[in-house]
Amino acid sequence: MLIRNLIGPKSRDFTIHVSDPVTYEQDWVCEYWTDGWGTGLKRRAFGVDPIQAVILALTYLATNLYASDDFKRGEITWGHGQDRFDLGLPVADTIRRDVAHTIRRLKLQFREDEF
């Protein structure tokens, strides 16, 4: 299982999880979920092999985080990325521009010297 701790709204820690891939009929599946963030998120990602299932689970999870109002307000951080707003998760090409724009805006809003 893959686990990462993040810091959410009001500086509360929460955890993201991705299960080990398991076979499902002819495919592979990984469950992914959050503990301690919002109402909780629990979904599954399917792949043709275990690696694709893990990559898709991480990407879907990241999409949910990066697209959230909490992230857009600068309230979700990891603390180990290139900067405060890097969650260290893969960003889907379809949202890459939006995430980059949000991060630029947050950097201006929360000047790095405040941290």
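Considering region 74-91, the residues that are at pLDDT 85 or above and either touching a His at 6+ places or on another chain (Cβ under 9 Å) or among the hydrophobic types (A, V, I, L, M, F, W, C) (or both) include one that is surrounded by the fewest Cβ atoms within 10 Å (Cβ to Cβ), namely Gly88. The set of residues from region 42-68 being over 19 Å from Asp13 (Cβ atoms) and not hydrophobic (A, V, I, L, M, F, W, C) comprises Arg43, Arg44, Gly47, Asp49, Pro50, Gln52, Thr59, Tyr60, Thr63. Taken over region 74-100, the criterion of being within 12 Å of the chain's Cα centre (by Cα) and closer than 20 Å to Ile55 by Cβ is satisfied by Trp78, Asp86, Leu87, Gly88, Leu89, Pro90, Val91, Ala92, Val99. Could you please find all residues in region 27-49 being modelled with pLDDT under 95 and either over 17 Å from the mean Cα position of the chain (by Cα) or not in a strand (DSSP E or B) (or both)? Gly36, Trp37, Gly38, Thr39, Gly40 - these are the residues of region 27-49 that are modelled with pLDDT under 95 and either over 17 Å from the mean Cα position of the chain (by Cα) or not in a strand (DSSP E or B) (or both). Within region 51-65, not a single residue is on the phi < 0 side of the Ramachandran plot, in a loop (DSSP other than H, G, I, E, B) and out of contact with any helix residue (DSSP H, G or I) (no Cβ under 9 Å at 6 or more places or on another chain).
Which one of these is under 17 Å from the mean Cα position of the chain (by Cα), exposed (fewer than 13 other Cβ atoms within 10 Å of the Cβ) and modelled with pLDDT of 95 or more: Ile16, Ile3? Being under 17 Å from the mean Cα position of the chain (by Cα), exposed (fewer than 13 other Cβ atoms within 10 Å of the Cβ) and modelled with pLDDT of 95 or more holds for just one of Ile16, Ile3, which is Ile3.
The values are calculated or read from the model by the stated rules, or taken from the named source; none is laboratory data. In this text, all values refer to a predicted model and were calculated from it rather than measured experimentally. Heads up, the Cβs are rebuilt from the backbone with ideal geometry, glycines too, and the neighbour counts pull from every protein chain shown.
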